[in-house]
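Next up is a structure, given as structure tokens.
The values are calculated or read from the model by the stated rules, or taken from the named source; none is laboratory data. A quick note: this is a predicted structure, and the numbers were derived from the prediction, not measured. With ideal geometry, Cβ positions are generated from the backbone for all residues, glycine too; neighbour counts draw on all protein chains shown.
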Amino acid sequence: MTAAPVVVYGATGYTGRLVCAELARRGVPVVASGRSPQRLAAVVDALPGADVRTVPAALDDPAALRRVASSAPVLANCAGPFVRTGDPVLGAAIAARAHYLDTTGEQAWIRRVLDDHDPALRAAGVAAVPGMGFDYLPGDLLCHLVGAPIAPLRRLEVGYHVDGFGMTRGTQRSALEMLDGRDVAYEDGRWRRGGRRPTRASIVFPGGVGRRRVARYPSGEVATVPRHVATREVAARISTVSVAPPALAGALPVLAPALSLLLRTPLTRLLDRAIDRLPEGPTEQARRAARWTIVARAEGEDGRVRRGTVRGPDVYGLTARLIADGAQRLADPAYDRRGGLAPAQAFDPRATLDGLADFGIAWSVEDAG
Ligand SMILES: NC(=O)c1ccc[n+]([C@@H]2O[C@H](COP(=O)([O-])OP(=O)(O)OC[C@H]3O[C@@H](n4cnc5c(N)ncnc54)[C@H](OP(=O)(O)O)[C@@H]3O)[C@@H](O)[C@H]2O)c1
């Protein structure tokens with residue numbers, strides 16, 4: 001049986017190109033889309049012999065976007081920052097009744113998909129799963145596997161550590177959106193504006209990483225996990241050395257609140273332009289060398305504690321793998337979940353993590369008291 005095609009919007013970016021290559025490697029026909037015909041032609045040239053056709057469509061051309069979205073049962077959006085680009089692309093997928101996935105790391109966009117777009121998604125009979133990359137599929141699934149068996153929870157904490165992140169320009173642009181302090185906290189069983197209090201804490205990461213100073217992380221799990229695990233609180237942290245040069249890492253938790261205020265000023269536009277001058281992203285060798293660890297710790301209302309770890313390599317290669325896996329699952333005519341979904345609502349958490357063992361991903365969960 002021939003595989004159903006997948007639309008990749010933002011096919012010209014660092015991540016979009018990896019997604020196209022991964023789909024092509026599996027023999028999945030790719031409809032590569034984006035705003036630049038020239039850059040789309042280069043995507044085809046880089047995949048000789050693959051079944052890739054290009055359909056340019058700008059964000060301000062809803063008819064063109066809808067034509068693109070109509071050409072496959074699933075659209076994978078890799079064009080960020082998503083708070084700026086996501087609405088027209090998701091709107092086209094809904095109008096064309098195509099399932100939707102994206103690579104966002106932006107909590108604000110995840111909330112927009114799961115809350116604001118959910119009624120239209122259900123009415124159209126399709127699913128949308130934002131945050132299907134390294135951020136935040138492994139963490140969201142791990143939180144479910146750690147927390148659900150002892151729910152209701154008093155608290156669930158997720159912690160990230162990455163060695164050799166090598167952020168792309170796209171990730172750095174999205175980080176400007178994420179760090180503006182407008183993210184939410186999940187406390188006392190509800191979302192509330194949070195984010196400007198300094199955090200002074202550390203987490204012990206397994207596997208030789210050890211104790212690391214951590215900062216607040218405006219991560220997707222804060223938006224997704226309360227939808228599938230009954231909990232009063234979700235807290236997300238990231239080790240400071242994952243995201244800041246060593247000389248700055250120690251001060252990051254204290255500097256972050258001031259930084260988020262600065263990012264609401266015209267400084268953001270200047271930083272955006274400075275990012276243009278940086279390399280597009282890590283070399284293939286550096287990308288493959290990255291190593292990450294995510295830990296989760298759940299405290300039940302009844303005092304029981306569980307914790308878990310998921311570890312693996314290659315943040316961007318993993319994202320391409322997860323988008324390709326997810327697109328193929330959604331394209332299966334038997335897939336019957338609908339609406340805006342967290343990864344753990346869209347896919348079976350245990351089977352999905354187990355299915356990534358060949359990518360070098362290992363996970364474990366244990367009762368800890
Ligand atoms: N969740 C994760 O773990 C994860 C992993 C990887 C990436 N991401 C996210 O995915 C996004 C892309 O990352 P990247 O590394 O691929 O960045 P990138 O190399 O800068 O690519 C950005 C892509 O978005 C497109 N784009 C940007 N603005 C657009 C607009 N106004 N209209 C149409 N297309 C537009 C670009 O098109 P042009 O080529 O025409 O400029 C390009 O295709 C970022 O938001 C990043 O944070 C997340």
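Among the candidates Arg154, Arg111, single out the residue that is away from the ligand (no atom under 13 Å from the Cβ) and over 14 Å from the mean Cα position of the chain (by Cα).
Working: Arg111 fails: over 14 Å from the mean Cα position of the chain (by Cα).
After ruling out the rest, the residue left standing is Arg154.
Moving to a separate point now. Look through Val7, Val31, Val44 and report the one residue that is more than 9 Å from the ligand (Cβ to nearest atom) and in contact with a Lys or Arg (Cβ under 7 Å, 6 or more places away or on another chain).
Sole residue among the options that is more than 9 Å from the ligand (Cβ to nearest atom) and in contact with a Lys or Arg (Cβ under 7 Å, 6 or more places away or on another chain): Val31.
Looking only at the range 291-308, count every residue that is within 20 Å of Ile361 (Cβ to Cβ) and crowded, with 21+ Cβ neighbours inside 10 Å and tell me the total.
Narrowing the range 291-308 to residues within 20 Å of Ile361 (Cβ to Cβ): 291-297, 306-308.
Now restrict to residues that are crowded, with 21+ Cβ neighbours inside 10 Å: 292-296, 306, 308.
Total satisfying the criteria: 7.
Which of the residues that make up the range 137-188 are surrounded by 19 or more Cβ atoms within 10 Å (Cβ to Cβ), outside any helix (DSSP H, G or I) and of a type outside the set (A, V, I, L, M, F, W, C)?
Those that are surrounded by 19 or more Cβ atoms within 10 Å (Cβ to Cβ), outside any helix (DSSP H, G or I) and of a type outside the set (A, V, I, L, M, F, W, C): Glu157, Gly159, Tyr160, His161, Thr168, Asp180, Gly181, Asp183, Tyr186.
Moving on to the next point. Pairs, please: C-beta under 6 Å, at least 6 apart or cross-chain, first residue not assigned by TED's automatic domain parsing to the domain that holds Leu65 and in the range 2-27, second among the charged types (D, E, K, R) and more than 11 Å from the ligand (Cβ to nearest atom)?
The qualifying pairs do not exist here.
From the list Thr54, Thr85, pick out the single residue that is within 13 Å of the ligand (Cβ to nearest atom), assigned by TED's automatic domain parsing to the domain that holds Gly326, of a type outside the set (A, V, I, L, M) and within 22 Å of Gly340 (Cα to Cα). Write out each step before concluding.
Details: Thr54 fails: within 22 Å of Gly340 (Cα to Cα).
Criteria check complete, one pass: Thr85.
Residue under question is Val310, and the condition is that it be closer than 24 Å to Val129 by Cα, modelled with pLDDT of 95 or more and part of a loop (DSSP other than H, G, I, E, B); does it hold? Show your work before the answer.
Numbers: closer than 24 Å to Val129 by Cα: yes; modelled with pLDDT of 95 or more: yes; part of a loop (DSSP other than H, G, I, E, B): no.
When the stated conditions are applied, Val310 does not pass them.
For the range 243-252, check the following and say yes or no: at least one residue is modelled with pLDDT of 90 or more, within 30 Å of Ile361 (Cα to Cα) and crowded, with 17+ Cβ neighbours inside 10 Å. I'd like the intermediate steps shown before the answer.
Pass one, the range 243-252, residues modelled with pLDDT of 90 or more: none.
No, there is no match, as no residue in the range 243-252 is modelled with pLDDT of 90 or more, within 30 Å of Ile361 (Cα to Cα) and crowded, with 17+ Cβ neighbours inside 10 Å.
Another question, then. Can you name the condition, by its number, that Phe165 falls short on among (1) at pLDDT 95 or above; (2) outside the structural domain of Gly340 (by TED's automatic domain parsing)?
The one condition Phe165 does not meet is (1).
Continuing with the same structure: Out of the range 47-97, which residues are over 20 Å from Thr168 (Cβ atoms), in contact (Cβ under 8 Å) with a residue 60 or more places away in the chain and β-branched (Val, Ile, Thr)?
Val68, Val74
Please state which of the following conditions Ala79 fails to meet, knowing it meets all the rest: (1) of a type outside the set (Ser, Thr, Tyr); (2) in a loop (DSSP other than H, G, I, E, B); (3) within 26 Å of Arg311 (Cα to Cα); (4) not assigned by TED's automatic domain parsing to the domain that holds Ile275.
The failed condition is (3).
A further question on this structure: Test each condition in (1) away from the ligand (no atom under 16 Å from the Cβ); (2) in contact with a helix residue (DSSP H, G or I) (Cβ under 7 Å, 6 or more places away or on another chain); (3) of a type outside the set (Ser, Thr, Tyr) for Gln172 and report the one that comes out false.
(1)
Go through the range 88-108 and report how many residues are of a type in the set (A, V, I, L, M, F, W, C) and within 9 Å of the ligand (Cβ to nearest atom).
Just the residues of the range 88-108 that are of a type in the set (A, V, I, L, M, F, W, C), to begin with: 89-90, 92-96, 98, 101, 108.
Still in the running and within 9 Å of the ligand (Cβ to nearest atom): 89.
Here the count works out to 1.
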